[in-house]
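A quick write-up on the structure given underneath.
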Amino acid sequence: MNAKPFASGLSENAVVITRVADRQWHALDDDLVVGRGHAEHRPDGRLFVSIDAWHDAAFDRLAEVMPAQLPAPLYTVVDEADAELTAGWRRAGFTVRRREWEYVVPTDPQVTGLEAVLPPSGVTIVPAGRADEGLLRAVDRAIRDEVEASVGWQSMPAEVIPRPEGDTIVDPSKYAVAAGTQGYLGLIRVVRAKRPRIGLVAVRAGEQRRGIARALLAHALGTLHRSGVAAAWTEVNESNQPASALFEGVGARPMSSNLELVR
């Protein structure tokens, strides 16, 4: 994780950076560990770095040494409310690439206004765990290709769950889908961990503006509500206005924001 650097009288010259393993570094002051750095590839292939440091000097030395030993570009994610940490990465030459808002989404149909929402004619919602895996993978691949050909998949919320190379469906049981006569038209993924998270809502380009995404959201939120869950969470790229409008239209509220930085 990224941890806030703390100011102190520690001299940068006193900090020694040691590479302790592949993509792992320690900052040492008189043999005492005063900071740790880590780098890892996300599933989309990008290399993200993080620093956990006790002092500004340790943070700055790690942020100087790590990029010199890693291939560019490098990325990191910070809570926008953490001005100190953001300033530390800016000192290291990182700039803001994108902002991602975290929304809390109510599940009660009387609050969301989704109680009477049905899929359009000829479309049915297949609940999570019942989708045909082959058709699910086909629609996921088609949607990803469409996004990549337009705004680019990197504009979508960052996905951090490890998966085998090229496999974009982590767990088929997490997906509900919208089915048409010629196959699947859209999908929604809900992961229930510490708190339910809507990780993806997407519809084939030629099927958009028919109410399919809204019907998928109504199904997913209704399912959570019936199981006793009052709220879910999701992340939306600030530039993705259709997604923001979809969630804000059901009463979702932005609670915090993360910045993705790049060097």
Unit charges at the beta carbon, dipole of the chain: most positive-side option, VAL170, LEU224, ALA68: LEU224
Two-site label geometry, LEU32 and LYS194: point separation in nm, points 7 Å out along Cα→Cβ: 2.9 nm
Apportionment of accessible area to carbon and sulfur, the chain, percent (1.4 Å): 51 percent
Label-point gap, in nm, between ILE169 and ARG141 - each point 7 angstrom along Cα→Cβ: 1.0 nm
Helix 56-68 axis, angle to the chain major axis (alpha carbon atoms, nearest 10°): 70 degrees
Label point at SER227 placed 7 Å out along Cα→Cβ; residues across the stretch 177-219 whose backbone nitrogen lies under 16 Å: 177, 188-200, 217-219
Solvent exposure ordering (accessible area, 1.4 Å, most first) of LYS174, LYS194: LYS194, LYS174
Whole-number percent relative contact order across the chain, with pairs defined as alpha carbons under 8 Å at least 6 apart: 26 percent
Helical mean residue ellipticity (222 nm; -39500 (n - 2.57) per DSSP H run of 4+; nearest 500) of the chain: -7500 deg cm²/dmol
FRET E, pair SER256, HIS41, Förster distance 25 Å, beta-carbon r, rounded to 0.05: 0.45
Sites matching trypsin sites (Lys or Arg not before Pro) across the stretch 203-239 that sit in DSSP coil, with at most 11 neighbouring C-beta atoms within 10 Å: ARG209
Solvent-accessible area per residue, Å², over the stretch 68-144 with all protein chains present [probe radius 1.4 Å]: 51 Å²
Local net charge near ASN237, Cβ-Cβ under 10 Å (Lys/Arg +1, Asp/Glu -1): -2
Phi-based couplings in Hz for the stretch 122-132 (Karplus 6.51, -1.76, 1.60; Gly and Pro marked x): x, 10, 10, 9, 9, x, 4, x, 10, 6, 5
Estimated FRET transfer efficiency (ARG19, GLU148; beta-carbon r; R0 35 Å; 0.05): 0.50
Rounded to 5, the percent of DSSP beta bridges in the chain classed as antiparallel: 95 percent
Table column - 3J(HN,Hα) (Hz), the stretch 90-98, Karplus curve with 6.51, -1.76, 1.60, x for Gly and Pro: 5, 4, 7, x, 7, 10, 6, 9, 6
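The values are calculated or read from the model by the stated rules, or taken from the named source; none is laboratory data. Computed from a predicted structure; not experimentally measured. Cβ coordinates were reconstructed from backbone atoms using ideal geometry, including for glycine residues, and neighbour counts include every protein chain displayed. Accessible surface is based on the protein model in full, side chains and every heavy atom, while ligands, DNA and RNA are left aside. Shrake-Rupley method; radii C 1.70, N 1.55, O 1.52, S 1.80 Å.
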